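Presented below is the structure to which this report refers.
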Amino acid sequence: MTLRTRLMVTTLAVAVPLAAGLFLFAERTRIADMQASIDRALETGSCGPGSEGPRSRVPPRGAQRAPLEVHPYTDGFVSARPDGRGPEFPSELRAQLATTDRASSAWTTPEGRGRQTAVRLSAGSAPCQILLARMRPRPGELRERMVGLGAIVFVVMLAVTIAAGPTLARIRRLSDAVRSSTSRAQNTDITMSGNDEVTGLASAFNQARRQVRTHLDEVEARERTLREFVANTTHDVAVPLTVLQTHLSALEQTAADDEVSARVRDAMREAHYMGSLLRNLSAASRLDGGVPIDARPLDLAALVERVVARHQPLARASGVDLNMAIPSVPIVVHADATLAEQAVGNLVDNAIRYNHPGGHVAVVLDHSPPSDPVSGFVLRVSDDGVGVEAAELPQLATRRFRGGAARSRRPDGQGLGLAIVSEAATAFGWQLLLKANTPTGLLAELRGPSTKAPTKP
Amino acid sequence: MVTPRILLVEDDHALGTQVQQALTTAGCSVIWVTRADDAQAEPLDGLDLILLDLMLPGGHGFDVLRHVRGQQHQVPVLVLSARSETTDKVRALELGADDYLTKPFWPEELLARVRARLRRPSLSQAPGTLTLGPMTVRVDARLVLVDDYPVDLTRVEFDLLVALARRQGAAVSRSSLVTQALDPDRDGDERTLDVHVSRLRKKLGIAGTMVSTVWGVGYRLQEPAR
């Protein structure tokens with residue numbers, strides 16, 4: 001319920017009973033007044049024809065009937081007028097007169113409730129023994145009263161509305177100001193003129209907002225520092241790691257015997273692992289940091305080629321056969337290059353890592369079948385490695401989760417790999433599907449919208 | 001082939017040494033500078049590729065890039081970025097870089113990108129005729145010769161061979177082969193692909209061994225290593 005409605009309802013709830021009370025009080029006064037007039041008429045009344053008695057049954061149009069009339073009756077309640085044309089004696093008064101000499105009651109008339117009183121005259125005042133005096137309300141009196149009361153209620157409501165209007169408008173202005181100040185760009189205080197509770201509310205809000213803003217700025221500054229730190233550390237580690245990888249690569253080609261060669265391959269796997277941790281760390285810090293995704297058109301085919309090239313040394317060191325197929329034309333997707341590369345990289349990385357010597361990994365990028373409603377791409381990374389329990393598949397893409405038996409053969413970093421794939425996919429509007437491959441292994445599938453780019457000249 | 005000349009701009013000494021060595025081993029001649037201003041002083045003519053680090057003393061990698069492109073020089077530039085920020089790469093590509101590589105990288109990753117860049121301008125082989133080992137495929141004439149003897153292939157087998165030969169050395173996915181060679185109404189789908197390929201191998205005789213099955217992908221046609 002809005003404040004305005006509540007105010008109206010409250011006003012009505014107060015004004016209507018008040019009006020009713022006023023009405024009742026006025027009615028009482030009116031009846032008392034009528035009774036007094038009647039009593040006066042009776043005191044001076046006589047059995048003669050009612051001085052104010054009706055001259056005709058139907059008064060001329062527009063003429064007012066006399067409000068007060070006096071009628072004489074015989075003991076037998078028969079009109080004592082010479083023409084005998086007095087109104088019938090009211091039955092309720094007749095019953096009362098049996099026990100007393102004076103009786104009064106309400107008189108229902110078309111104009112509203114009137115008043116009537118009958119008195120038994122002292123004996124010997126022939127030709128009448130009973131006088132009936134009655135008084136009707138002034139025509140239109142009731143309507144006037146009702147209109148008057150209605151006007152009172154209306155005026156009260158109007159007064160309340162006028163009184164509350166500016167305050168309500170101020171509250172509305174305040175809430176508009178608060179709403180627009182929640183946008184981050186808006187950094188000015190809310191100013192409200194005047195000196196009332198609304199102004200107080202505005203200043204309390206400003207105070208709260210300043211505190212929240214200060215706190216937020218601190219958090220943001222801390223986060224920025226942390227992100228910078230991650231970025232700088234990534235940079236500082238990336239360079240020596242590249243040197244290390246180059247050394248290892250050279251060693252691998254010149255390894256004298258099987259044992260040395262096996263050791264070099266182990267070292268290569270570790271180096272690759274460090275590299276992927278580093279990339280995942282910065283990818284996660286970017287996904288978490290609320291940094292807007294920098295999605296631009298890029299060629300997914302070239303990206304897949306690049307990712308597969310990066311993982312060939314790991315595959316070779318692990319004794320896994322890594323192959324890929326990409327279409328001859330570029331597949332253009334809208335994505336953040338670094339995140340997309342990391343997402344695809346993690347799928348390939350997993351497929352090699354959770355495999356065994358002699359195993360296979362296949363990376364196939366294709367246009368989606370023409371039957372699909374939207375033209376897009378399908379990227380499948382399949383392996384014949386250890387696979388994942390069917391029950392574990394749904395949680396696989398959540399952070400910090402590593403498959404129980406199979407995929408925790410080694411402590412796999414922060415278990416970020418597939419979570420990053422999943423989060424990046426969500427950010428780009430892609431779908432990630434993980435299912436068991438037959439007979440063993442995992443099949444990961446990424447699907448999303450793409451456009452066919454014209455072949456480069 | 002003439003020895004490709006590569007300008008390497010990298011301030012890290014250990015990394016520069018390694019990269020230079022890897023490139024030299026791969027048959028390239030490398031000019032190595034460690035500062036951005038030195039790189040801008042290098043003459044661009046006769047260069048086949050620039051490998052450019054971004055965080056450099058004496059300027060930024062972007063300055064070098066601007067300098068190169070400002071001279072309307074078309075030498076390919078491969079950016080070596082250690083920042084995992086996308087904006088750096090996007091910026092580099094906008095300024096005219098052709099490709100980028102994020103550290104840490106493996107030397108063979110680098111060599112693959114370098115080769116891809118050096119190879120790009122010259123796609124020499126005429127599309128009409130494809131030659132692989134003992135086999136010659138004349139696409140327009142729909143003719144296959146193995147050791148100069150024609151081989152009789154069906155329409156599907158020939159289209160399969162062309163699809164593989166056009167991308168020799170690379171694996172071609174099953175779905176891609178089906179799209180290129182199989183008419184779904186007459187020739188069936190992926191399940192019949194293997195039958196067609198095995199017939200093709202048989203008919204090609206000694207050249208048939210060049211067609212290999214690639215696990216999870218499809219098939220590859222590759223010239224035997226000499």
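The values are calculated or read from the model by the stated rules, or taken from the named source; none is laboratory data. None of these values were measured; they are calculated from a predicted model. We place every Cβ from the backbone using ideal geometry, glycine too, and count neighbours over all the protein chains shown.
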Please enumerate the residues belonging to segment B:158-170 that are of a type outside the set (A, V, I, L, M, F, W, C) and farther than 21 Å from B:Gly216 by Cα. B:Asp159
Might you check whether a residue that is within 17 Å of B:Thr86 (Cα to Cα) and hydroxyl-bearing (Ser, Thr, Tyr) occurs anywhere in segment A:317-333? no
Going through segment B:84-110 in order, the residues found to be closer than 27 Å to A:Leu251 by Cα and within 7 Å of chain A (Cβ to nearest Cβ) are B:Lys103, B:Pro104, B:Phe105, B:Trp106, B:Pro107, B:Glu108, B:Glu109
Pull up segment A:313-329, narrow it to residues that are facing chain B (nearest Cβ under 9 Å) and surrounded by 23 or more Cβ atoms within 10 Å (Cβ to Cβ), then point me to the one that is nearest to B:Leu101 (Cα to Cα). A:Pro313
Filter segment A:92-124 for residues that are more than 60 Å from the chain's Cα centre (by Cα) and among the acidic types (Asp, Glu) and give the result. A:Glu92, A:Asp101
Within segment B:49-61, can one find any residue that is without any contact (Cβ under 8 Å) to a residue 40 or more places away in the chain, of a type in the set (A, V, I, L, M), more than 9 Å from chain A (Cβ to nearest Cβ) and in contact with a His (Cβ under 7 Å, 6 or more places away or on another chain)? yes
Do we find that A:Gly429 is surrounded by fewer than 23 Cβ atoms within 10 Å (Cβ to Cβ), at pLDDT 90 or above and farther than 27 Å from B:Gly218 by Cα in this structure? yes
State which residue pairs qualify: first residue within 8 Å of another protein chain (Cβ to nearest Cβ) and in contact (Cβ under 8 Å) with a residue 40 or more places away in the chain and inside segment A:231-251, second residue buried (at least 20 other Cβ atoms within 10 Å of the Cβ) and charged (D, E, K, R) in any location, beta carbons under 6 Å apart, and separation of 6 or more residues or different chains. A:Ala238/B:Lys103
Could you list, in sequence order, all residues of segment A:272-289 that are without any contact (Cβ under 8 Å) to a residue 40 or more places away in the chain and under 36 Å from the mean Cα position of the chain (by Cα)? A:Asp288
Can you name every residue in segment B:163-222 that is crowded, with 19+ Cβ neighbours inside 10 Å, more than 9 Å from chain A (Cβ to nearest Cβ) and assigned to a loop (DSSP other than H, G, I, E, B)? B:Leu182
Quick one: count up the residues across segment A:436-450 that are surrounded by 13 or more Cβ atoms within 10 Å (Cβ to Cβ), out of contact with any Gly (no Cβ under 9 Å at 6 or more places or on another chain) and modelled with pLDDT under 90. 0
Which residues, counting only those in segment B:31-44, are touching a residue at least 24 places away in the same chain (Cβ under 8 Å) and either surrounded by fewer than 15 Cβ atoms within 10 Å (Cβ to Cβ) or in a loop (DSSP other than H, G, I, E, B) (or both)? B:Thr34, B:Arg35, B:Glu42, B:Leu44
Residue list for segment B:89-111, filter: touching a Phe, Trp or Tyr at 6+ places or on another chain (Cβ under 8 Å) and part of a helix (DSSP H, G or I): B:Lys89, B:Arg91, B:Ala92, B:Leu93
How many residues does segment B:9-30 hold that are outside any loop (DSSP other than H, G, I, E, B), more than 8 Å from every other protein chain (Cβ to nearest Cβ) and over 15 Å from B:Val114 (Cα atoms)? 3
May I ask you to say which residue of A:Arg269, A:Arg170, A:Arg222 is without any contact (Cβ under 8 Å) to a residue 60 or more places away in the chain and within 30 Å of the chain's Cα centre (by Cα)? A:Arg170
Just to check your reading of the model, which residue among B:Arg113, B:Arg226 is within 14 Å of chain A (Cβ to nearest Cβ) and at pLDDT below 90? B:Arg113
In segment A:199-225, what residues are surrounded by 13 or more Cβ atoms within 10 Å (Cβ to Cβ) and under 30 Å from B:Asp12 (Cβ atoms)? A:Glu223
In segment A:272-295, anything of a type outside the set (Ser, Thr, Tyr) and over 30 Å from A:Leu216 (Cα atoms) is listed as A:His272, A:Met274, A:Gly275
Exactly one of A:Val178, A:Val212 is away from chain B (no Cβ under 14 Å), in contact with a Lys or Arg (Cβ under 9 Å, 6 or more places away or on another chain) and part of a helix (DSSP H, G or I), and that one is A:Val178
Could you tell me whether A:Leu379 is among the hydrophobic types (A, V, I, L, M, F, W, C) and at pLDDT 85 or above? yes
Can you pull out the residues in segment B:167-201 that are β-branched (Val, Ile, Thr) and free of Cβ contacts under 8 Å to residues at least 12 places away in the same chain? B:Thr179, B:Thr192, B:Val195
